[in-house]
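Since the structure comes first, as structure tokens, the remarks are kept for the end.
The values are calculated or read from the model by the stated rules, or taken from the named source; none is laboratory data. Bear in mind the structure is a predicted one, so any value in this text is a computation, not a measurement. For neighbour counting, all protein chains shown are included, and Cβ atoms are generated from backbone atoms with ideal geometry for every residue, glycine included.
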């Protein structure tokens, strides 16, 4: 003879299990029916906290093939290397905007910037940056000049710059601009003058 | 005592037999191994010695023809001085100190009679540090290339009946030619000839079905397979070898080339080519005034200009048009890529530099922007050239002013014709590898429609403007021979 209170407890537990199963089944159906939110592959925005600084970003413009200085107030960390990274992330946030004058492919990102003494900067971009980049001498040159001139104009002492893709050397950015060698910052500064509107 | 004498006689007999065997082995031994060294300064061959199961070569002998070098032995150390830099090797050790940095060698460093010996496999890591330039070692075949000195070649079949196989080399060559039924063998002992993209070339001809490239003991060999008796004839100052059917009464062995101009990258050590060849009348070597390069090609499509238009196809059409325009103005022109072929940037630069053309013009096409952009090289950061070697990446340095002048002349001509034009520097290979004037012309449509790039009238407008500018700057760029 099973005690009555045990039968009641068993019945309550069975009802609870049944209820939970129905709830879980419904939840699964709801999740399956909801479209997955598109992944935002844009780089993270600079940290909002911390002191901001006025910097000059050199923004490429495809319409007239120019490189224009644009003042921007962005939060800047104190470390020299981190500052260079924030500069390029601010620059890329412009290029990833739909209304950008020089659109880069979705997912393009600057992975890191290494400042190596004496006077060497290494800009490491991700594979999407190069793989989705449009091909052409001018369009690739504008990107390269924009990155290098933005870093060198805001970071004194840089003499040469190397661009890596996913930490590795590549011959060209997208079939034209040679990135296999170190860029001479003086030569790129002269190029920026040629590219001025 | 008798027993001892018998033993001595037996030993003597065994010794005689051993000596005889050794002599037989020696008489049947293979040829002495050599290392062939090719450089801008000199081409030379050095004997190799076997130590510890490895091939060794005298380091001083390798460096002597390349620059100012000396060596001294100091106890267990062997010091090498190349120009002002001093390097230190330890006898019997694999560690050396080169340019102030430690370097691990694949084999022990040896000294014999004050000669410092390094293993051949060490050269590919050691020499770039000492010389400050690229070095390519073909260890298995004993060939060492210092700098970009390789002689490239192409082979194509011309004519059907009878077929002729034409080899074009980037520098004059003087191989020894041997024929036997079914094959013709060209052996390049002193020339830095290197393999084409594929070592076996097929031509789709029954008479001359194929040729293949091989290397061994410091030489390169090209073997032509044929079902007809063939001979080789030389023309174009030793830059072209034509393999054709032997005429009745013609000796199977080929005539030697005539050469009036020394090959780039050869030294006094190179063989002096014999005089006038027999056989077909040799052509005079034609140096082109302009080398026009249709950029991209083969697997490299360049920009996809629209759904049915690739940059590589537009550049070929522009290159052919430009050649026509230039030649109509009396300017000899070579189009580097006249088909959908793969051609590396290094190969393009080597061909143009070997030709010593007055101007190199690379053609590009783009959907972005309007009009035409004329580029000169944006040179990469470079340390100073070392000794007799010029940096490959900044070879354009001394000709940059001439290139900028040519670019300005081309831009001025476009302005006259009211085509939007800009002159810019660009990090665009192989402009920086060129030793003469070099520009690139990127053609974009005047409006938004990229199909204008294939319009014959637009192409003609562009190519005639470039050709007119080059013709105007002819004297400044240097008169063609």
Review point. For region B:74-188, which strands (runs of 3 or more DSSP E) that fit wholly inside it have 1 or more residues that are under 24 Å from residue B:44 (Cα atoms)?
Key: B:77-82, B:85-90, B:110-112, B:115-119, B:135-138, B:143-146, B:153-160, B:163-169, B:176-180, B:183-188
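I need the full set of residues from region A:97-109 which are within 18 Å of residue A:165 (Cα to Cα), crowded, with 18+ Cβ neighbours inside 10 Å and touching a residue at least 40 places away in the same chain (Cβ under 8 Å), in order please.
Just the residues of region A:97-109 that are within 18 Å of residue A:165 (Cα to Cα), to begin with: A:104-109.
With crowded, with 18+ Cβ neighbours inside 10 Å added as a condition, the list becomes A:104, A:108-109.
Selection gives A:109 alone.
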Revision key, fill the gap. Taking region B:297-317 and the residues there that are within 11 Å of chain A (Cβ to nearest Cβ) and free of Cβ contacts under 8 Å to residues at least 40 places away in the same chain, the one that is farthest from residue B:353 (Cα to Cα) would be B:304
Point to revise | Members of region B:196-216 found to be within 19 Å of the chain's Cα centre (by Cα) and not in a strand (DSSP E or B), listed by number | key: B:196, B:197, B:198, B:199
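Applying the selection to region B:404-443, what residues are in contact (Cβ under 8 Å) with a residue 60 or more places away in the chain and assigned to a helix (DSSP H, G or I)?
B:405, B:406, B:409, B:410, B:431, B:433
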Practice item. Just need a number here: residues in region B:297-311 that are buried (at least 20 other Cβ atoms within 10 Å of the Cβ) and more than 18 Å from residue B:154 (Cβ to Cβ). Key: 4
Exercise for review: Being in a strand (DSSP E or B) and surrounded by fewer than 18 Cβ atoms within 10 Å (Cβ to Cβ) is the filter here, so list the residues in region B:56-73 that pass it.
Suggested key: B:70, B:72, B:73
Revision key, fill the gap. Residue A:181 vs (1) more than 23 Å from residue B:430 (Cβ to Cβ); (2) at the interface with chain B (Cβ under 9 Å from one of its Cβ atoms): all pass except (1)
Exercise for review: Tell me which residues, restricted to region B:357-386, are away from chain A (no Cβ under 11 Å), part of a loop (DSSP other than H, G, I, E, B) and either modelled with pLDDT of 95 or more or touching a helix residue (DSSP H, G or I) at 6+ places or on another chain (Cβ under 6 Å) (or both).
Suggested key: B:358
Review point. For region A:158-178, which residues satisfy the criterion of being within 22 Å of residue B:294 (Cα to Cα) and more than 7 Å from every other protein chain (Cβ to nearest Cβ)?
Key: A:171, A:172, A:173, A:174
Practice item. Could you identify the single residue in B:446, B:452 that is in the same structural domain as residue B:379 (by TED's automatic domain parsing), surrounded by fewer than 24 Cβ atoms within 10 Å (Cβ to Cβ), assigned to a loop (DSSP other than H, G, I, E, B) and at negative phi? Key: B:446
Review point. Taking the stated definitions as given, is residue B:408 assigned by TED's automatic domain parsing to the domain that holds residue B:295, farther than 23 Å from residue A:188 by Cα, surrounded by fewer than 17 Cβ atoms within 10 Å (Cβ to Cβ) and touching a strand residue (DSSP E or B) at 6+ places or on another chain (Cβ under 7 Å)?
Key: no
